[in-house]
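Structure, as structure tokens:
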């Protein structure tokens, strides 16, 4: 029986400058999900329960958000990453699969850069281009500002003015964000909107969220240091067709050696609340090639590849759809998968991709594969 998000256990750990609140559920390899702003851990309500069927899923509230403390300073992503690492240490999680969305992606990147070899086995960056890799270009005024919502990237760098403008207007701000940044304007349900508004209306919380944006100049300088060495673990960039698209993966090629790119079709920025199938991922490498392989005989093995999407189909057993992480990170990965026409991306050792995914009946299911949910063949 699937664990409901409401049944995840709550906890807090003491860290420098306050406390971090987190939710945890499931058992198995640890997966850490980092939210963006103006959301908090509730953002993962549709994804975490599915992952908890196979993994131990830890969903923290980042500093200044949700149930965590609201510090006066320290919103550069390296400082926040150190606090998340302390949470992981205190929970004795060991190597983690790490997923970051929006500003949480900046935190995840800094976590991966500062981690010891092996501390982060896989990294997924969702709907975010790092400062120093193109983020700052989106801050510049353009005729297209009315199409996206990038105006806040610049406006929020002056936190005193931004807080003055929106204090007492938190609902109006979030309503505009969720409407303007989505394919489905009703994707974020009213109860969740109320919760997000209540959280950022707390004393100091709106200012804290704005500080995530205001820290961009520090983040750029920090990322310049980080980019002197590329990440070695497999990294997946996930964009949504109605927002960042392939841009996420393309930008990650600057900072990582092994980059996969995937696009969630028909979804906007609020991907965990929107429901759409995923386009097959691609990988970037000097040696990568693409080939098709037809398989007719099912294969079985002791374990599946390290990353797989499952989407409900007819019948009772979910069907695996995407496998993108190299078997070198999971030696038990079988050489083949069941199914008909397949796309295989050869990236020594091989990345695999399987039949085109079908839409799920559940919001958020389209991005489950970002950290490796799979079903044995």
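The numbers here are math on the coordinates, done by the rules we state, and not lab data. Worth saying up front: this structure is predicted, and the values here are computed from it rather than measured. Here the Cβ positions follow ideal geometry from the backbone for every residue, glycine too, while neighbour counts run over all protein chains shown.
Multiplying the residue separation of residue 142 and residue 169 by 0.36 nm and subtracting their alpha-carbon distance yields 7.2 nm.
For 68, 142, what's the fewest-to-most ordering of other Cβ within 10 Å of each Cβ?
Working: 68 25, 142 13.
Ascending number of Cβ neighbours within 10 Å: 142, 68.
Exposure proxy shown here: for 83, 224, the number of other Cβ atoms within 10 Å sets the order, fewest to most, as 224, 83.
Classify the range 40-133 from the C-alpha gyration tensor, please: rounded if a/c falls under 1.5, else prolate or oblate depending on whether a/b exceeds b/c. In terms of gyration-tensor shape, rounded.
Calculate the FRET efficiency for residue 230 and residue 116 from the Cβ-Cβ distance with a Förster distance of 22 Å, rounded to the nearest 0.05.
Once the sixth-power term is evaluated, E becomes 0.85.
Net length available on complete extension from residue 12 to residue 265 is 87.4 nm, with 0.36 nm assigned per residue and the Cα-Cα distance removed.
What translational diffusion coefficient, to the nearest whole µm²/s, does the range 128-216 have by Stokes-Einstein, given a Kirkwood radius computed over alpha-carbon pairs, a temperature of 37 °C and 0.692 mPa s viscosity?
Values: Rh = 14.0 Å.
Stokes-Einstein gives a translational diffusion coefficient of 235 µm²/s.
Peptide packing for 225-234, 92-101 was compared via the average number of neighbouring C-beta atoms within 10 Å per residue; ordered from the highest value, the list is 92-101, 225-234. Ordering 15, 125, 200 by the number of other Cβ atoms within 10 Å of each residue's own Cβ, fewest first, gives 15, 200, 125. One chain, two ends: residue 4 and residue 198. Fully extended at 0.36 nm per residue, the span grows by 67.6 nm beyond their Cα-Cα distance.
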